[in-house]
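Undergrad: Supplied in structure tokens, the structure appears directly below.
The values are calculated or read from the model by the stated rules, or taken from the named source; none is laboratory data. These figures come from a predicted structure and were not determined experimentally. Because the Cβ atoms are built from the backbone with ideal geometry, glycine has one as well, and the counts that use them run over all protein chains shown. Accessible surface areas use protein heavy atoms only, side chains included; no ligands, DNA or RNA. Shrake-Rupley method; radii C 1.70, N 1.55, O 1.52, S 1.80 Å.
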Amino acid sequence: MKVFIFLYFIGVLTVASLLHQQPTLEESMQRGKEIYTDFCVSCHLAEGEGVEGTFPPLAKSDYLMQHREASIRGVKFGQQGELVVNGQTYNGIMSPMGLEDAEIADVMNYILNSWGNQSDTIVSTEEVAEIKK
């Protein structure tokens, strides 16, 4: 019985520690909103609607939902060339923003969970760090 109580206590501490270390989606999105306002809003606009034919929409974006890794890579390293978003082809250039991996995770969590988008999982700093050019 003492072993069970000890293992239970260790398990609770481990889970509490992990939860404390990982930001909640809400906290990440709040930071991401600030980053979006500083770096993204001038092209993709306040509600993520983009500019038809020029800057793709982030709101209700099928591309973001279907191409998570490519979307993160685009924010991390910049992007150019054709992509199709909600049935419309865009062919422009997005320069890299110079964001840290944690900032990219936060802005992606904001984008992936705003304006009609809903992600099943939180974007972590570790996930962003694993993405290479």
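Undergrad: Right, Q118: modelled with pLDDT of 95 or more and not in a loop (DSSP other than H, G, I, E, B) or not? Quick ask: steps written out before the conclusion?
TA: On the way: modelled with pLDDT of 95 or more: yes; not in a loop (DSSP other than H, G, I, E, B): no.
Against the criterion (modelled with pLDDT of 95 or more and not in a loop (DSSP other than H, G, I, E, B)), Q118 does not qualify.
Undergrad: For the range 37-85, please list each of the helices (runs of 4 or more DSSP H) lying entirely inside it that holds at least 3 residues being crowded, with 18+ Cβ neighbours inside 10 Å. Steps first, please.
TA: Numbers: elements: 41-44, 62-66, 68-77.
Result: 68-77.
Undergrad: How many residues are part of a helix (DSSP H, G or I) and open to solvent by less than 30 Å² (accessible area, probe 1.4 Å) if we restrict to the range 86-112? If you could, list the steps in order and put the result at the bottom.
TA: Our first condition is that a residue be part of a helix (DSSP H, G or I); within the range 86-112, this holds for 101-112.
Subsequent filtering for residues that are open to solvent by less than 30 Å² (accessible area, probe 1.4 Å) retains 104-112.
Number satisfying all stated conditions: 9.
Undergrad: Now for a separate question. Please find, within the range 28-73, the residue that is farthest from E130 (Cα to Cα) out of those that are in contact with an Asp or Glu (Cβ under 6 Å, 6 or more places away or on another chain) and of a type outside the set (A, V, I, L, M, F, W, C). Show your work before the answer.
TA: Restricting attention to the range 28-73, the residues satisfying the condition of being in contact with an Asp or Glu (Cβ under 6 Å, 6 or more places away or on another chain) are 28, 31-32, 35, 57, 59.
Then drop every residue that is not of a type outside the set (A, V, I, L, M, F, W, C), which leaves 28, 31-32, 57.
Values: S28: 19, R31: 21, G32: 20, P57: 26 Å.
Filtering the range 28-73 for residues that are in contact with an Asp or Glu (Cβ under 6 Å, 6 or more places away or on another chain) and of a type outside the set (A, V, I, L, M, F, W, C), the one farthest from E130 (Cα to Cα) comes out as P57.
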